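Asks: Sharing a structure here in structure tokens format.
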Amino acid sequence: MKRLGVNIDHVATIRNARGGIHPNPLNIAKQAINFGADSITIHLREDRRHIKDNDLKKLSKTKIPLNLEIACNYKMMKIALKNNPKFVCLVPEKRKELTTEGGLNVVKYYRKLKFIVSKLNNKKIRTSLFINPTIKDIIYSKRINTNCIEIHTGKISNLIKMKKNYSKELKIIKKCAIYANTLGIEVHAGHGMDYKTTKVLSKINEIKEFNIGHYIIGEAISIGLKNVIKRINKFIKK
């Protein structure tokens with residue numbers, strides 16, 4: 001069964017706009033799970049622009065399957081090890097970017113990634129690398145010994161939204177997903193996804209998990225969180 005991870009970063013963004021406690025990311029996380037999400041994703045950025053350390057602390061103490069996204073550095077690794085989430089996804093991070101702009105440079109940061117992944121694996125935390133859809137990146141991911149990869153779907157998402165031909169990008173993602181699967185690496189997908197992108201990518205059997213945040217939280221303002229998750233799951237879990 002394919003899984004849905006709901007990213008609640010922008011619940012915290014709305015909360016932080018007033019500097020108060022509403023909306024509460026923990027409450028929204030619980031609701032998302034009750035409405036059909038399989039896990040909750042949060043990105044603890046180094047500048048703490050949305051999710052805060054206290055959010056991570058509170059979520060880590062619950063039984064909610066938590067996927068923590070962190071930058072590839074030792075400080076964030078120590079925070080992950082201290083809080084012991086069920087899953088950790090290593091992502092690239094630039095201080096001034098609005099959102100994650102691409103996958104990790106797994107070649108350049110190979111040694112650091114391998115070290116961090118080994119530390120997380122030793123604590124029985126499922127590890128994932130957020131990568132671009134290339135065979136080379138998958139080969140290096142295997143050498144790093146990560147449990148999973150999450151394919152950056154920003155390009156195909158943009159092509160679909162602009163109603164442009166996305167067949168070439170879809171073939172690339174499918175090829176990468178199949179190859180990673182043959183290496184024993186579980187395949188996830190995420191970034192910029194909406195209903196249409198989810199429908200397209202859900203046809204790739206090798207993709208086992210979809211992590212979607214901004215679109216779900218945005219749509220929830222109009223039709224409610226329960227209805228958005230229900231619609232997304234129609235594509236993922238058909």
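The values are calculated or read from the model by the stated rules, or taken from the named source; none is laboratory data. Computed from a predicted structure; not experimentally measured. Here the Cβ is made from the backbone with ideal geometry for all residues, glycine too, and neighbour counts use every protein chain on show. Areas reflect the complete protein model, heavy atoms only, side chains present, ligands, DNA and RNA absent. Shrake-Rupley method; radii C 1.70, N 1.55, O 1.52, S 1.80 Å.
Asks: Taking the criterion of being in contact with a Phe, Trp or Tyr (Cβ under 6 Å, 6 or more places away or on another chain), outside any helix (DSSP H, G or I) and either surrounded by 21 or more Cβ atoms within 10 Å (Cβ to Cβ) or not acidic (Asp, Glu) (or both), would at least one residue in segment 34-43 satisfy it?
Replies: Step one: list which residues in segment 34-43 are in contact with a Phe, Trp or Tyr (Cβ under 6 Å, 6 or more places away or on another chain), which gives none.
Among the residues of segment 34-43, not one is in contact with a Phe, Trp or Tyr (Cβ under 6 Å, 6 or more places away or on another chain), outside any helix (DSSP H, G or I) and either surrounded by 21 or more Cβ atoms within 10 Å (Cβ to Cβ) or not acidic (Asp, Glu) (or both), which makes the answer no.
Asks: If you don't mind, there's one more thing I want to ask. Residues being open to solvent by 40 Å² or more (accessible area, probe 1.4 Å), touching a helix residue (DSSP H, G or I) at 6+ places or on another chain (Cβ under 8 Å), touching a residue at least 40 places away in the same chain (Cβ under 8 Å) and over 17 Å from ALA29 (Cβ atoms): count how many of those fall in segment 196-238.
Replies: Summing the residues that are open to solvent by 40 Å² or more (accessible area, probe 1.4 Å), touching a helix residue (DSSP H, G or I) at 6+ places or on another chain (Cβ under 8 Å), touching a residue at least 40 places away in the same chain (Cβ under 8 Å) and over 17 Å from ALA29 (Cβ atoms) in segment 196-238 gives 1.
Asks: Tally up the residues in segment 74-106 that are open to solvent by 30 Å² or more (accessible area, probe 1.4 Å), modelled with pLDDT under 95 and more than 14 Å from the chain's Cα centre (by Cα), please.
Replies: Adding up the residues that qualify gives 5.
Asks: Same structure again: Report yes if some residue within segment 145-167 is of a type in the set (A, V, I, L, M, F, W, C), crowded, with 24+ Cβ neighbours inside 10 Å, at pLDDT 95 or above and in a strand (DSSP E or B); otherwise report no.
Replies: Yes, the conditions are met somewhere in segment 145-167.
Asks: Is there any pair with a first residue in segment 1-24 that is crowded, with 16+ Cβ neighbours inside 10 Å and a second that is acidic (Asp, Glu) and not in a loop (DSSP other than H, G, I, E, B) whose Cβ atoms are under 9 Å apart and which are 6 or more apart or on different chains, and what are they?
Replies: LYS2/GLU209; ARG3/GLU209; LEU4/GLU209; GLY5/GLU209; ASN7/GLU69; ILE8/ASP55; ASP9/GLU69; ALA12/ASP55
Asks: For LEU56, state whether it is within 21 Å of ILE8 (Cβ to Cβ), assigned to a helix (DSSP H, G or I), open to solvent by less than 20 Å² (accessible area, probe 1.4 Å) and at pLDDT 95 or above.
Replies: yes
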